[in-house]
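Reviewing the structure listed below.
The values are calculated or read from the model by the stated rules, or taken from the named source; none is laboratory data. This one's a predicted model, so the numbers in the text were calculated from it and none came from an experiment. Note: ideal-geometry Cβ built from the backbone for every residue, glycine included; neighbour counts use all protein chains shown. Keep in mind that these areas ignore ligands, DNA and RNA; they rest on the heavy atoms of the full protein, side chains included. Shrake-Rupley method; radii C 1.70, N 1.55, O 1.52, S 1.80 Å.
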Amino acid sequence: MADRVTVIGWDGSPLTAAARSALSAATLVAGAAHHLALPEVPKGAERIRLGSVDLAARRIASHRGSAVVLADGDPGFFGVVRTLRAPEHGLEVEVVPAVSSVATAFARAAMPWDDAQIVVAHRRTLRRAVNVCRAHPKVAVLTSPGAGPAELALLLEGVHRTFVICEELGTDREQVTVITSDKAADHAWRDPNVVIVIGGAGTPAVPGGGWIAGHEPGFPPAVRGWALPSQVYGQAYGQAYGEGLGEGESVQLRAAQLARLGPRIGDLVWDIGSGSGALAAEAARFGAAVIAVDADPAACARTDATARHSGVQLQVVQGRAPHVLERLPEPDVVRIGGGGVPVVTACADRRPQRIVTHASTRDEAEAIGAALAAGGYAVECALLQSVELDTADWAERERSVVFLLSGRRLDRAP
């Protein structure tokens, strides 16, 4: 095992005294090509071009001598330190940090970043990174080859954002470009780069700044909880209690549907037959990206108003399911507010992890359950009955009876 392993972050500025001292004593140096070309790298040291960090870690573990690993930015922030410290390699490391590329990118843009989401985009995580960009007003994307600004822009089709693209930060080829997302796919961008994605309604600004990185939890901040009362959404478009909320939008049913969907950051939720937009807005409050679909222009307007009132971002698509679904990006979970078996079948063909819907009669519930099972889903059905009481005299105000159906894709864990 190497006698000593030092990880040095490099942000383009001159190396610190600690970094120069570690390099001067190194018998093995690992890094990218531009790191290995630094004049401080000893001429007699073994040099490893850093491609796979796992392979480099195994080579370092078998080396006798002093090893140095050079990495861009802060190596402890989505960097090599995590891999080098993994138990299978058994390496104890010392770290000489530098300014992270995310901090540098926001500095170049002269923007605060304590309210930003930060994601890593590889080929396997690109879709989830794009979903975060759909759902949040300020996101920094650490890109990789094949998952860069052009690919982000292509997958954000239909959602307007501004890109601040920072190429080769800290080098003499550094370049910062501000461009709209619809134009970013037309360019070739140099690696490495960081993309700041901004736009959309966003969360209301907090005077003096927030208290937690990422965003203020809960939108709007004054409202606590989820499956909020109907009047909250009536206020969004100036209507009285209950107006505008259709069949299948009761508070109790919405709570059960959200519980089974489990929307989370990085997910894309389809809300088909969005109605008032209550469920779509609440799914977005969990951090998920949401596409709300409805054939009724008035329902689309209500959903848009609900999203603005709730301080969340979602995309509203007017069109009739199942035909309109063909052009939408792949969902993780789907809530179906109407359309019956044809819509359920079309959604099952897209293979989301969960599908949740409801039925008014047992015959309809059986038909939907059969369609979900035929599509490869484990089916659950429950009869939900709720009675709302007026606490002034404890008289019954409203009664709701509905079948709740949920399908879990069988090739996924529970």
Phi to ³J(HN,Hα) by Karplus 6.51 cos²θ - 1.76 cosθ + 1.60 over segment 166-173, Hz, x for Gly, Pro: 10, 9, 6, 4, x, 10, 6, 9
Cα-only Debye scattering, segment 72-183: base-10 log of I(q)/I(0) at q = 0.12, 0.14 Å⁻¹: -0.47, -0.63
GNM flexibility winner over the chain from Glu167, Glu366, Glu249 (Cα, springs under 10 Å): Glu366
Selected from Ala18, Val41, Leu84, residue furthest toward positive end of dipole (segment 1-95; charges at beta carbon): Val41
Computed accessible area, Ile48, all protein chains, 1.4 angstrom probe, square angstrom: 30 Å²
Three-way shape label, segment 243-341, alpha-carbon gyration tensor, a/c 1.5: rounded
DSSP bridge orientation in the chain - percent antiparallel, rounded to nearest 5: 50 percent
Cα-projected label distance for Ala395 with Lys43, points at 7 Å along beta-carbon direction, nm: 9.8 nm
Table column - 3J(HN,Hα) (Hz), segment 265-280, Karplus curve with 6.51, -1.76, 1.60, x for Gly and Pro: 4, x, 7, 10, 9, 9, 10, 9, x, 5, x, 7, x, 4, 5, 4
Crossing angle, helix 297-310 versus the chain [Cα axis fit, 0-90 degrees, rounded to tens]: 50 degrees
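By the scheme Lys and Arg +1, Asp and Glu -1, what is the net charge of all other residues having a beta-carbon under 9 Å from that of Glu174?
Result for the local shell: -1.
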Centre separation in Å (Cα based) which lies between segment 1-55 and segment 116-136: 31 Å
Rough spin-label spacing in nm, given labels placed 7 Å along Cα→Cβ, for Glu330 and Ser52: 2.5 nm
Rounded accessible area of Val132 (nearest 10 Å², 1.4 Å probe): 10 Å²
Residue with peak Gaussian network fluctuation, the chain [Cα springs, cutoff 10 Å], from Asp54, Asp191, Asp390: Asp390
Net charge contributed by nearby residues that have their C-beta within less than 14 Å of Ala321 (K/R +1, D/E -1): -1
Principal-axis tilt of helix 126-135 within the chain, Cα atoms, nearest 10 degrees: 60 degrees
Other-chain or far-sequence residues with amide H under 5 Å of His63's (modelled H): Ala2
Nearest 10 degrees, 0 to 90: helix 362-374 Cα axis against the chain principal axis: 30 degrees
